[in-house]
Structure formats: C-alpha cells, structure tokens
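Scroll down for the structure; my scribbles are underneath it.
The values are calculated or read from the model by the stated rules, or taken from the named source; none is laboratory data. Being a predicted model, the structure only gives us computed values, none of them experimental. Quick reminder, even Gly has a Cβ in these numbers, built from the backbone with ideal geometry, and neighbours come from all protein chains shown. All accessible areas refer to the heavy atoms of the entire protein, side chains included, with ligands and DNA or RNA removed. Shrake-Rupley method; radii C 1.70, N 1.55, O 1.52, S 1.80 Å.
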Amino acid sequence: MHARVRDGDPEAFRELFDAHARLIHGYAARWTGDRALAEDVVSLTFLEAWRLRGRVRDEGTDLRPWLMGIAVNVLRNTTRARRRYEAALSRMPPRNAEPDFSDEVVGRMADAERAAAARRALERMRPGDREVFMLCVWSELSHVEAASALGIREGTVRTRLFRARARLRRLADEEIARERAARAGQLHSDRPHRAVRSSEGTSR
C-alpha cells in the first residue's frame with residue numbers, strides 16, 4: 001500500500017479513503033462541533049495526502065498515523081481560518097440569526113452535557129495536550145501511532161496524555177458547574193415574573 005500511494009495509484013487512494021475517511025470525519029466533527037466543516041477537513045486531508053504522497057515512507061503496516069498527522073495540520077489551519085472569519089463577521093452589522101446545528105453532533109454522544117463541557121474544556125488546554133488526547137482517546141490511535149502522526153516521541157505522547165486526562169476532568173467539571181449555575185440563575189430570575197403573573201390572575 002505504501003508504494004502504491006507513493007506512486008499515485010488512484011485505487012490505493014480510494015482504499016485509503018474508504019478505510020479512514022470516517023475516522024478523520026469523527027475527529028474533526030468532535031473538535032469543531034460542525035459536521036459540514038468536518039467534511040471539508042476530510043476533503044482537504046486527502047487532497048493534501050495526494051500532494052504529499054511522495055513523502056510516504058515504508059514504515060509500519062498502516063498509513064493511518066500519516067493521514068491523521070495531515071488531518072491534525074489541516075484542522076489547525078481550518079480552525080484558525082474559521083476564527084478569523086468569525087472575528088470578521090462579529091465586526092459586521094447584526095442580521096437575522098441563522099439556525100446553529102453545531103450541537104447536533106454532540107447531541108448524538110452518550111452524555112451530551114459532559115461532551116459539550118469536554119469540548120469547551122479542550123479549548124482551554126494546551127494545543128499539544130489537546131491533539132494527543134483527541135488522537136489517542138477520540139480517534140483511538142496507539143501511543144506509537146499518535147507519536148508518528150504528530151512527529152514527537154512516544155514518551156512525550158504518554159506525558160501529554162496523562163496531563164490532558166487530569167486537566168480535562170477538572171476543566172470539564174468546571175464547565176458543567178458553570179453551565180448548571182447559569183441555568184439555575186436563569187430559572188431563579190424567571191420565578192418572580194411567573195409569581196407576578198400568578199398573583200395578577202388571582203386578583204382577577
């Protein structure tokens with residue numbers, strides 16, 4: 001497979017896409033919360049893989065680490081571009097709100113509240129720790145594969161993953177507590193209005 005990809009064999013790239021497109025999409029969708037953007041990341045990843053095919057080395061039995069390394073870089077660039085775009089939009093005059101489907105992906109996960117909190121918590125982590133966590137935990141790469149994808153040592157992956165797990169648990173708990181406190185505050189602020197309406201109805 002390595003030699004076929006390096007030689008630009010279209011059938012090899014089709015096999016590569018069939019084997020790993022879903023993995024890359026899940027990785028991007030979980031990080032961005034945007035299914036359409038995740039599809040763009042998949043497309044860009046394979047376009048970049050085609051461009052870089054000559055760099056494939058005959059190492060390992062699977063090209064997954066090589067592809068995920070490309071996906072990580074694509075997602076970095078896509079995320080930066082998205083932030084610039086959103087910053088530009090924020091400076092424009094307001095318009096009618098468009099529906100936001102970003103929670104659709106998160107909502108399909110087992111624990112929607114904690115998943116959303118985890119995503120917010122991930123944004124507060126060091127980029128290196130975040131990428132290791134996403135590759136090893138969300139995309140289920142081994143430590144060796146993650147090290148290959150990121151171009152770092154396996155020991156560095158282990159250290160970052162240990163640190164990321166501990167920090168993520170703490171940050172996610174903080175995010176959940178903050179969200180619940182905000183909801184409780186909103187509920188409390190609504191109660192006087194309901195009480196007033198109730199008393200008005202009784203007086204009539």
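Counting just the residues of region 180-204 that are open to solvent by less than 100 Å² (accessible area, probe 1.4 Å) and charged (D, E, K, R), which one comes out modelled with the lowest pLDDT?
Among those that are open to solvent by less than 100 Å² (accessible area, probe 1.4 Å) and charged (D, E, K, R), it is Glu200.
Any idea which residue in region 148-157 is least open to solvent (accessible area, probe 1.4 Å), counting only those that are within 9 Å of Val132 (Cβ to Cβ) and in a helix (DSSP H, G or I)?
In this case the residue turns out to be Val157.
Being small (Gly, Ala, Ser) and modelled with pLDDT of 85 or more is true for just one of Ala177, Ala149. Which residue is that?
Ala149
Count, please, the residues in region 1-30 that happen to be open to solvent by less than 20 Å² (accessible area, probe 1.4 Å), in a helix (DSSP H, G or I) and of a type in the set (Gly, Ala, Ser).
4
Please identify the pairs in which a residue from region 45-70 that is open to solvent by less than 30 Å² (accessible area, probe 1.4 Å) has its Cβ atom under 8 Å from the Cβ atom of a residue that is of a type in the set (D, E, K, R), counting only partners at least 6 apart or on another chain.
Cβ pairs passing all conditions: Val56/Arg6; Pro65/Glu145; Met68/Glu145; Ile70/Glu48.
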